[in-house]
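Chemist: Pasting a structure here, questions to come.
The values are calculated or read from the model by the stated rules, or taken from the named source; none is laboratory data. Everything quoted here is computed from the prediction, not taken from an experiment. Here Cβ is always computed from backbone atoms with ideal geometry, including for glycine, and neighbour counts include all displayed protein chains. For the accessible areas, the whole protein counts, side chains as well, though only heavy atoms, and no ligand, DNA or RNA atoms are used. Shrake-Rupley method; radii C 1.70, N 1.55, O 1.52, S 1.80 Å.
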Amino acid sequence: MNPTARLMVRIVAGLLLVLLVIISLAALMFNANDYRADIKQWALTNLGFELDIQDIQWNITQPTQLTLTNIKLAMPQQTTDQPIAEIEQIWLQLSSSGWFSRELVIEQVILERPTLSISDNLLLHLQGDNVEPATIEPGNAEPLPIASLQIKQFNINHLNLAVSLSQSPAVMLDDLTMNLHRWQLVQDHQLLTTTAVLDLELAINRIAINAFEVNDIFVSAQLQNQQLEIDQFSANHLKGKLVGELAMNVTPPLALKVKQFSLSDLNLEYSEGWLQNFQANSPQLTIDTESDQGVNQPVESPLFDSILIEQLALSEISFTSYDKKLPLTFNKLNLNLKNLPILSAGQWLDLSQVDQLNSLFNLNMRELYYAGTSITDLTLNSRVKDGKWAFYQVQGNSFDGHFSALFDISLQRYPDLHVSHLTARDLDIGIQPEWLAKSNDDLAEPKDRLLPLNSLVIDKLDLFNLNLLSYADELPLSVRGISLRLEQAQLIKQRHLLTIPPQWSQQASFELIVNEALYQGMKADKIRIKGKLNEDYLNPDMLQRLIPSTPVNVEGKIMDSAPEKRVIRLD
């Protein structure tokens, strides 16, 4: 090599070395924190929020990694010290490949210990800056400058969320951890919204609605081809366990399919205080002056187009009410429900859709207590098919008595009730004061009053040794030892109750036996009537024999409530 060429090579090498030293010094001297003020101004101008970042870490030796520390987001000129959001750390790692083809891949994004606070002031701020975006069809959207964007892994660790709105109850969400995998955001220069692809795992330690808490929530789901598959959902409330499996398309109108939903080992206590958990913090009463005009207006289409429950199971559920308006308690309820479309084609389930139903409804319960009446070991198995709800097994006990029945009811506006067989033995029936009419006007019903049932037909009715006792002062009645056999009887026809004398003829036979009847100080013993449901037997003269006519002297104190052995104790 000649001296001139050798000199040129040395000069070029020296210049490259100097340039490399200058670039290295510039990279080493570069401090990303110098741009925090610019980032803060950009967030305030474009987002309408004040953004504060304590530290930005970026190194030339690891150019694909970026770390932000102690990020705070607040509303402009916020008077309180509590920001909208706080994030302890954000860690980002990019992939080094795909830059020249504009196919970007973010290897991992981690948000550590974020805290969010949602309030009325935040919503008002968002509404004040909200501008309705123009509706753009997916096919007409302008292409993005990047060909694709995928986040391989997106993690949120230990998130806390507080929602305090005046028109809703207070909600607290503690310790949420979420992992997203394969999150495809951009494909073919188009932003993916409803066609995004991702895998999701979500765990929440606690969700509290005031004093009502749900713990240990876990969700595992996949989103692909506009279909969200939740293959695992579980949560705990008190000692109860909730497990579910669902599927839903994410393109409105939404369609939800409950593949499996089970709730087990739950004891609920219902009271006025429990209801207050779900009341708004500061509800505002609004008067709608046009409410009467909108009564007959059609209901707007719901968010969901269809909701199908394929399988619902309740196991060992107990409920106790301490509210006088709901005197209901039940223990150890088990319920199985299959194939019930509660919403179809945007319409909630109604009588126009019953012909399409083919659903199972099975229930058994250890004990049911309502307003002084107790039923134990209740079993109810039924099916809805061809517009009828058929109860093919109904049985239970009440104190020392027992009952069983087979019947079906047509699902129409005024249903037809057909009782194939009803048997009851040794039952005590108490008439509570709240069951009776409150005034004489309520008792004075018109003779042509139409009933909610179109017809009631009983093939066979057997009642043995029933006792009827009234606890109401306005009805001093006690009937003991009632036995009744009734066959092939129609008690309701075309929404009219069977009258005396009957309005329609039938050959139904009956036999009635009453051991003792007390009414208003009069007594009747050993009444027995056997005959047909026609004018020869159902007439005022014949029924006069049922009215007690012998005076009775009652000594001692009359009890104001049921005997102690009739009181149900669940403790």
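Chemist: Does the range 42-51 hold any residues that are free of Cβ contacts under 8 Å to residues at least 40 places away in the same chain and closer than 12 Å to residue 76 by Cβ, and which are they?
Modeler: Listed by number, the residues that qualify are 43, 44, 45, 47, 49, 50, 51.
Chemist: Next question, about the same structure. Six or more apart or on different chains, Cβ atoms under 6 Å: show the pairs whose first residue is in the range 144-159 and free of Cβ contacts under 8 Å to residues at least 60 places away in the same chain and among the β-branched types (Val, Ile, Thr) and whose second is assigned to a strand (DSSP E or B) and open to solvent by 20 Å² or more (accessible area, probe 1.4 Å).
Modeler: The qualifying pairs are 146/104; 151/106; 151/183; 156/111; 156/178.
Chemist: Oh, and also: Can we say residue 351 is of a type in the set (A, V, I, L, M), surrounded by fewer than 17 Cβ atoms within 10 Å (Cβ to Cβ) and under 26 Å from residue 413 (Cβ atoms)?
Modeler: In short, yes.
Chemist: Let me ask you something else. Right, residue 469: within 24 Å of residue 402 (Cβ to Cβ), part of a strand (DSSP E or B), open to solvent by 40 Å² or more (accessible area, probe 1.4 Å) and not aromatic (Phe, Trp, Tyr) or not?
Modeler: Against the criterion (within 24 Å of residue 402 (Cβ to Cβ), part of a strand (DSSP E or B), open to solvent by 40 Å² or more (accessible area, probe 1.4 Å) and not aromatic (Phe, Trp, Tyr)), residue 469 qualifies.
Chemist: Does residue 185 satisfy being in a strand (DSSP E or B) and either of a type in the set (Asp, Glu) or within 21 Å of residue 83 (Cα to Cα) (or both)?
Modeler: Taking the combined requirement at face value, the residue does not satisfy it.
Chemist: Anything in the range 180-189 that is open to solvent by 40 Å² or more (accessible area, probe 1.4 Å) and at negative phi? List them, or say none.
Modeler: 181, 183, 187
Chemist: Out of all the residues in the range 65-77, which are open to solvent by less than 40 Å² (accessible area, probe 1.4 Å) and part of a strand (DSSP E or B)?
Modeler: Answer for the range 65-77, where residues must be open to solvent by less than 40 Å² (accessible area, probe 1.4 Å) and part of a strand (DSSP E or B): 67, 68, 69, 71, 74.
Chemist: Quick one: would you say residue 85 is at pLDDT below 75 and surrounded by 12 or more Cβ atoms within 10 Å (Cβ to Cβ)?
Modeler: no
Chemist: A further question follows. Among the numbered conditions (1) under 30 Å from residue 356 (Cβ atoms); (2) surrounded by 15 or more Cβ atoms within 10 Å (Cβ to Cβ), tell me where residue 428 comes up short.
Modeler: (1)
Chemist: Taking only the range 524-548 into account, find how many residues are modelled with pLDDT of 80 or more, in contact with a Ser or Thr (Cβ under 9 Å, 6 or more places away or on another chain) and either over 15 Å from residue 484 (Cβ atoms) or open to solvent by less than 50 Å² (accessible area, probe 1.4 Å) (or both).
Modeler: 4
Chemist: A further question follows. Inside the range 490-515, can you point out the residues that are in a strand (DSSP E or B) and more than 20 Å from residue 427 (Cβ to Cβ)?
Modeler: Of everything in the range 490-515, those that are in a strand (DSSP E or B) and more than 20 Å from residue 427 (Cβ to Cβ) turn out to be 490, 492, 493, 496, 497, 509.
Chemist: Restricting attention to the range 106-127, and to residues there that are among the aliphatic types (A, V, I, L, M) and assigned to a helix (DSSP H, G or I), which single residue is least open to solvent (accessible area, probe 1.4 Å)?
Modeler: In this case the residue turns out to be 122.
Chemist: Hey, can you tell me all the residues within the range 213-222 that are touching a His at 6+ places or on another chain (Cβ under 9 Å) and surrounded by 15 or more Cβ atoms within 10 Å (Cβ to Cβ)?
Modeler: 213, 214
Chemist: Inside the range 48-64, can you point out the residues that are open to solvent by less than 100 Å² (accessible area, probe 1.4 Å), assigned to a loop (DSSP other than H, G, I, E, B) and of a type outside the set (Gly, Ala, Ser)?
Modeler: 49, 60
Chemist: Inside the range 366-406, can you point out the residues that are in a strand (DSSP E or B), aliphatic (A, V, I, L, M) and touching a residue at least 24 places away in the same chain (Cβ under 8 Å)?
Modeler: Matches in the range 366-406: 368, 384.
Chemist: Here's a follow-up. Could you check the range 91-103 and list, in sequence order, the residues that are of a type outside the set (S, T, N, Q) and open to solvent by 40 Å² or more (accessible area, probe 1.4 Å)?
Modeler: Passing the criteria: 91, 92, 94, 99, 100, 102, 103.
Chemist: Could you list all residues from the range 139-171 that are part of a strand (DSSP E or B) and of a type outside the set (S, T, N, Q)?
Modeler: 149, 151, 152, 154, 156, 158, 159, 161, 162, 163, 171, listed by residue number.
Chemist: May I pose another question? Please specify each residue of the range 162-176 satisfying the condition of being modelled with pLDDT of 85 or more and open to solvent by 40 Å² or more (accessible area, probe 1.4 Å).
Modeler: 164, 171, 172, 175
Chemist: Oh, and also: Here are 512, 497: which of them is among the aliphatic types (A, V, I, L, M), open to solvent by 80 Å² or more (accessible area, probe 1.4 Å), under 50 Å from the mean Cα position of the chain (by Cα) and at pLDDT 80 or above?
Modeler: None of the other options fit; the residue is 497.
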